[in-house]
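The numbers here are math on the coordinates, done by the rules we state, and not lab data. Here the structure is a predicted model, which means the values were calculated and not measured. So basically every Cβ, Gly included, is an ideal-geometry build from the backbone, and we count neighbours across all protein chains shown.
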Amino acid sequence: MAGLEFIHKETISGSTSTTNVTSCFTSDYDVYKIYSSGISTAGTDYVDLNMRFIDSGGSVISAGEYDYGNLNMLSWDSFGETDLTGQTSFLRAFSESTDQAPESQGGEITVYNPNSSSKYTFITYANSQKYGGSYMSGLKGIGVHKVAETITGFQLLESNGSRPYSSGIILVYGVK
Amino acid sequence: MSPLGAARAVITSGVADVKGSLILLQTQTASSSLLDFEALEQSTYNVHFFTFTDINVTTQTEFGYRLSDDGGTSYETSYAFANQRGYASGTFAERKSEDQATARLGGDITTDSNSVFNGYMYLYNAGDSAKYTFSTSQCTFMQGTTYTMEFGSQAYTTASTINGIRFGEGVSMGAFTSGTISCYGVSEE
């Protein structure tokens, strides 16, 4: 990697089910890195952490425009794949699952081509976590937003809708 | 990047190598030794990046790490990991454990000079005393004549402030023949 240039730090506080990071993808870079660290839930029920994109109008894209392929690597059980098309988010791009502290997660996402209005936007991701008292897992995945449009930001969202998270950070960099 | 951060990189590594927000904290080269990094500046960086270059081992074995929360006086011996290993010959396999004395990054590496292990790893949450510490990794190496890759995730599931990391070969964390490891902090400004 030639180098990273810092763009944005989002510190999660309070209790929330979504976090929007807007206007972080521009014409300055073709490739971006997103790191997340220490995202833990407010309550004791674990939850997956997904990702959506934000369009040039500032709207979160929630239509069925996301394809992904995930390898779920479970330390306690056989590995499994989750491969779907036409979904409303990138499943588990931020975390296979996270839980109340001290259980938590860490992960990285690479975003390719978000500023192009004529090409799809692709991502690759990997994360590591512990949840449910005894479950340690890893996840490696790929994804594509299969509509050619300019992407300017992203949303972190928990998959359940009623299992909010309350701590952690998100870091965004341009890849020089 | 802060001027202070850059200055610390010079002090700890002897090499002023700042690539934007990747701040080189230390580079070390092994010579029949373990490699310990105890200048993580974990209160500054939530994410660390490590690179592994031409790691050569003493016997056919895996390569991994242990963490310290007392500045390197002792290193912890309980880790969970879930890795996927793949051979170019076509066989893929799960490598996993809920409790191993080292956090596995990849194996089995063989000993000949062409079997060197190369790769990278991210470490998350080292400075957070209230949460567990995690890593994700990807590496490539030779196992005899078979080209091999391994990627995955590792976790130290005790909440404590991590201020040291030791790299070595095998589950017993032995010295390895040669190789270079660099530790970077991912700057948040």
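With neighbours defined as other Cβ atoms within 10 Å of a residue's Cβ, the residues B:THR180, B:THR91, B:THR133, A:THR41 order from fewest to most as B:THR91, B:THR180, A:THR41, B:THR133. I'd like the orientation of helix B:3-13 relative to chain B: the angle between its Cα long axis and the longest Cα principal axis, in ° from 0 to 90, rounded to 10. The angle comes out near 50 degrees. Partner shielding of A:71-80 amounts to 5, given as the average count of beta-carbon atoms from other chains within 10 Å of each residue beta-carbon. The listed peptides A:21-33, A:121-133, ordered by packing as a protection proxy, come out as A:121-133, A:21-33 (highest mean of other Cβ atoms within 10 Å first).
Per-residue mean of foreign Cβ neighbours for B:96-105 is 2 (Cβ atoms of other chains, 10 Å radius). Using R0 = 56 Å, the C-beta based FRET efficiency linking B:THR111 and A:SER59 works out to 0.50. Taking packing as the residue-averaged number of other Cβ atoms within 10 angstrom, the listed peptides B:148-154, A:58-64 run from highest to lowest as B:148-154, A:58-64. Counting only residues at least eight positions apart within a chain, or on another chain, the lysines with an alpha carbon under 16 Å from that of B:LYS131 are A:LYS130. Estimated purely from DSSP H runs of n ≥ 4, each contributing -39500 (n - 2.57), the mean residue ellipticity at 222 nm for the protein assembly as shown is -1000 deg cm²/dmol once divided by its residues. Counting pairs of alpha carbon atoms under 8 Å apart in space and at least six apart in sequence, what relative contact order in percent does chain B give? Relative contact order, chain B: 36 percent. Any of A:LYS119/A:LYS176; A:LYS33/A:LYS146; A:LYS9/A:LYS33; A:LYS9/A:LYS146; A:LYS33/A:LYS140; A:LYS140/B:LYS96 with alpha carbons more than 18 Å apart? Name them for me. Over 18 Å Cα-Cα: A:LYS119/A:LYS176; A:LYS33/A:LYS146; A:LYS9/A:LYS146.
Per-residue mean of foreign Cβ neighbours for B:150-163 is 4 (Cβ atoms of other chains, 10 Å radius).
Note: relative contact order over chain A, using C-alpha pairs below 8 Å and six or more positions apart, is 40 percent. A simple count of charges around B:SER68, restricted to other residues whose Cβ falls under 11 Å of its Cβ and scoring Lys, Arg +1 and Asp, Glu -1, yields -3.
The relative contact order of segment A:78-150, computed from alpha carbon pairs under 8 Å that lie at least 6 residues apart in sequence, is 30 percent.
Among residues other than B:SER89 with Cβ under 15 Å from its Cβ, the summed charge is -1 (Lys and Arg +1, Asp and Glu -1).
Normalising by residue count, segment A:4-175 has a Cα convex hull of 95 Å³ per residue.
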